[in-house]
2 protein chains.
Amino acid sequence: MIENKFYSQDVHGPYELHNIGDLVLEEGGTIRNCQLAVATYGNLNAAKDNAILIPTWYSGTSKIMADVYTGAGRALDPAKYFIIIVNQIGNGLSTSPHNTPLPGGMGNFPKVRISDDVRAQYKLLTKVFGIQRLALVTGGSMGAQQTYEWAVRFPNMVARAAPIAGTAQNTTHDFLFAETLIEAITSDPAWNRGFYKCSDEVREGLLRHAKMWGVMGWSTEFFGQNRHKQLGFSSLEDFAINFMGGYFGPMDPNDLLAMAWKWQRGDVARNTNGDLSAALRRIKAKTFVMPISHDMFFPPADCEKECRMIAGAEFRPIDTIDGHLGLFGTDATFASQIDRHLNDLLSMPA
Amino acid sequence: MIENKFYSQDVHGPYELHNIGDLVLEEGGTIRNCQLAVATYGNLNAAKDNAILIPTWYSGTSKIMADVYTGAGRALDPAKYFIIIVNQIGNGLSTSPHNTPLPGGMGNFPKVRISDDVRAQYKLLTKVFGIQRLALVTGGSMGAQQTYEWAVRFPNMVARAAPIAGTAQNTTHDFLFAETLIEAITSDPAWNRGFYKCSDEVREGLLRHAKMWGVMGWSTEFFGQNRHKQLGFSSLEDFAINFMGGYFGPMDPNDLLAMAWKWQRGDVARNTNGDLSAALRRIKAKTFVMPISHDMFFPPADCEKECRMIAGAEFRPIDTIDGHLGLFGTDATFASQIDRHLNDLLSMPA
């Protein structure tokens, strides 16, 4: 357990911590007194049928989901819906390697899977909020992985699903990409098998990891059209160090590693003995599959393959040269594209 | 200077070493008694107009170019053409960091540019072989960079040009990718600023570098269709370690770094004060621009933009899900696609 002021209400609030008790993990470990950091917007109606769940992506917290995806007049409008944004385990706000005391914390933190998060969220929603059915589950990237897991694992509880820029079963290529990100951090001698004194000691590994995100996170066209300069950076180097490095630099290396390991293994087919088609057939939610056109590691083609296996699903790609990290809302057209699709989806009976 | 048996006639032969004298480099350094390793096939005719030049790519040598791109009955047939394959400076066979004695070798090796290679090759072709005009210059990746530099710098000497899977001006995105490859090696403490005792000391950095090539070198579809297994590997891990790692593992870290630095800065616009369009207008060669359909870092769109700036150029993409490393000829249709285009090109008057 080490102090890291980045993971605070000041930076990522407001959110509340909910203790959901002990969480026994699929890989065999246990998180004792598992805390989920949860941000809610709007009010649950009397029928308890206006709840929308948003899980978070790799490195993201509830704040960016609230800022980029919700708001007055948006599809996800707190005036209409009770929006519950749950920070994934390991993201630094919920129980994570850096905020767990030894011996279970830091480099000893147990392996967590997407399905563990979804089971933890299920407990939160049913026990704390008394919710039996979600109007919508939506999220980007690892948030999409959790969305798929929700729709497959609890099909009767998910009315609608909108996985954005993510897959139900992680691809081999994506696994390898995440592996290189992991190694960028673990190869830094200062990482010390997860037992550093403060995260800044691992700054070289974190910066390499950030630059590799720069390669795969955007697209060739993004740089070709000088989008990095339009975002306020004078050169590639300035962008790589001060945007990419500035973004990941304050984060905890073990927290990132916990999420990366989880991301690599996202796979709804674990519910059906490895049969992806059987898993996706379990989905009862009205589903919009929403990849990003220029995504280099959750490419539209991979998402479309899965879309075809889901009954009644619609393929609704988002068009932006910003690639995967277009999820941050950097493209001025992003929010309106998201809203158009989510409005369509929410207007459908389910 | 260290011994490395990988860079030998046994592994990469046959080739001859030609001393072209001192090469003063654009960045200010000097390679004294610069040696170019050269493999030739076929015979120069009396008119000296049947010569084809093939420069090499990052990590490649003359052997793979001969094996995959030339042969009896192929477009590049030694029975018809005098094929000259020149190993680029820094590739381990020609003068390179690892085979240059101190103080100028190893971590002190000077910075070499694509244009330095092309000037060295010009000296070789004119002085050693007495060639004044090339029927064709062709190469893949960094070989394409050299091909473009040839066509722009010596427009009267290049009758035809076929840059495969490479650009005339390296892109910002590609620069960043190469930077992450460089850092995979230089972040290994054993690299020791270029002064290791043997290249195997840097094996961890070399393996990380190899895995990152695995991410960007192929394509999501390549892994999605289990092409890595079809190539004889039982799993992603087996492929990453034994194919990717097996390929790069025996190579010299400083040699790879010299080539990567050069690759990052390939830019024919250096001939025209930064004006790419003006540079490409200098080309007199009949040019086929031949990107690979699934290339993640020299994507067809980037190549097509340049193609439109070259008078009379034709856009001739190669279709394979093997992506950039399809250059190795792993796709059974690759050779026939290459031959079809090169036969077309060679049949055109120029």
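Taken together, the values in this text are just the output of simple stated rules run on the coordinates, not laboratory data. Source: prediction; values computed, not measured. As a convention, Cβ positions derive from the backbone with ideal geometry for all residues, glycine included, and neighbour counts pool all protein chains shown.
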J(HN,Hα) series, segment A:22-38, from Karplus relation 6.51 cos²θ - 1.76 cosθ + 1.60, nearest Hz, glycine and proline x: 6, 10, 7, 8, 4, 7, x, x, 9, 9, 7, 6, 4, 9, 10, 8, 10
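Against the empirical 2.2 N^0.38 Å scaling, what ratio does the C-alpha Rg of segment B:78-161 come to?
Ratio of Rg to 2.2 N^0.38 Å for segment B:78-161: 1.19.
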Pseudo-label separations to other copies for A:Asn226 - Cα-to-Cβ vector, 7 Å, nm: 4.8
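At R0 = 30 Å, how high is the FRET efficiency between A:Ser234 and B:Ala301 if r is their beta carbon distance? Nearest 0.05 is fine. Let's see the in-between values first.
Working: r = 25 Å, r/R0 = 0.84.
Once rounded, the FRET efficiency stands at 0.75.
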Chain B: relative contact order as a whole-number percent, Cα under 8 Å and 6+ apart: 18
Among A:Val215, A:Val118, A:Val152, residue whose mean-square fluctuation peaks in a GNM of chain A (springs only between Cα atoms under 10 Å): A:Val215
B:Asn343/B:Val128 FRET efficiency (R0 41 Å; Cβ-Cβ; nearest 0.05): 0.90
Shielding of B:238-245 by partner chains, average beta-carbon count, 10 Å: 1
Principal axis box of chain A, alpha-carbon based, largest edge first, Å: 53, 48, 40
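Taking the Cβ of each residue in B:Trp218, B:Trp213 as the centre, tally the other Cβ atoms inside 10 Å and list the residues starting with the fewest. Could you put the intermediate results ahead of the total?
On the way: B:Trp218 27, B:Trp213 23.
Fewest-to-most ranking of B:Trp218, B:Trp213: B:Trp213, B:Trp218.
What percent do you get for the relative contact order of segment B:175-259 when only Cα pairs under 8 Å and 6+ apart count? Don't skip to the end; give the middle numbers.
Values: 72 pairs, mean separation 28.9, N = 85.
It comes to 34 percent, rounded to a whole number.
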Computed over segment A:300-350, Cα set: Rg, Dmax in Å: 12.4, 33
Ranking of B:Arg208, A:Arg113 by count of other Cβ atoms within 10 Å, fewest first: A:Arg113, B:Arg208
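Less than 10 Å Cβ to Cβ from B:Gly329, Lys/Arg counted +1 and Asp/Glu -1: what total charge do the surrounding residues give?
Counting the neighbours of B:Gly329, the net charge comes to -3.
Based on the Cα coordinates of segment A:175-259, what is the per residue volume of their convex hull in Å³? Before the final figure, lay out each step's value.
On the way: hull volume 7.3 nm³, N = 85.
Hull volume over Cα atoms, normalised by residue count, gives 86 Å³.
Could you tell me which of rounded, prolate or oblate describes segment B:202-251, using a ≥ b ≥ c as the square roots of the eigenvalues of the alpha-carbon gyration tensor, with rounded for a/c under 1.5 and, failing that, prolate when a/b is larger than b/c and oblate otherwise?
Prolate, because a/c is 1.5 or more and a/b exceeds b/c.
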7 Å along Cα→Cβ, label-point gaps from B:Leu102 to other copies, nm, shortest first: 4.1
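Roughly what % of DSSP beta bridges within the protein assembly as shown run antiparallel, to the nearest 5?
Restricted to the protein assembly as shown, the bridges split so that about 35 percent are antiparallel.
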Straight-distance crosslink candidates among aspartates and glutamates, where the alpha carbon sits under 18 Å from B:Lys197 and sequence neighbours closer than 8 are dropped: B:Glu3, B:Asp188, B:Asp252, B:Asp255
Over chain A: helical MRE at 222 nm, DSSP H runs n ≥ 4 each giving -39500 (n - 2.57), nearest 500: -9500 deg cm²/dmol
Number of partner chain Cβ atoms within 10 Å, mean per residue of A:209-216: 5
Share, in percent, of DSSP beta bridges within chain A that are antiparallel, nearest 5: 35
Selected from A:Leu327, A:Leu23, A:Leu257 as most flexible by GNM, with chain A as the system and alpha-carbon contacts under 10 Å: A:Leu23
Under 21 Å from the Cα of B:Lys123 - lysines, other chains or at least 8 residues apart: B:Lys48, B:Lys111, B:Lys262, B:Lys284
Among B:Pro14, B:Pro103, B:Pro299, residue whose mean-square fluctuation peaks in a GNM of chain B (springs only between Cα atoms under 10 Å): B:Pro103
Other copies of B:Thr272: label-to-label distances in nm, shortest first, labels 7 Å along the beta-carbon direction: 5.6
Test item: B:293-303 mean partner chain Cβ contacts at 10 Å: 2
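Quote the charge dipole size of the protein assembly as shown about the Cα centre in Debye, to the nearest 20; the model charges only the Cβ of Lys and Arg (+1) and of Asp and Glu (-1). Show your work: numbers first, answer last.
Numbers: 64 positive and 72 negative charges, 149 e Å.
With Lys and Arg at +1 and Asp and Glu at -1, about 720 debye.
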Listed residue (A:Asn45, B:Leu176, A:Gly92) projecting farthest to the positive dipole end of the protein assembly as shown, Cβ model: A:Asn45
Ranked B:Ile292, B:Ile318, A:Ile321, criterion: other C-beta atoms within 10 Å, fewest first: A:Ile321, B:Ile318, B:Ile292
Prolate/oblate/rounded label for the protein assembly as shown (Cα gyration tensor, a/c 1.5): prolate
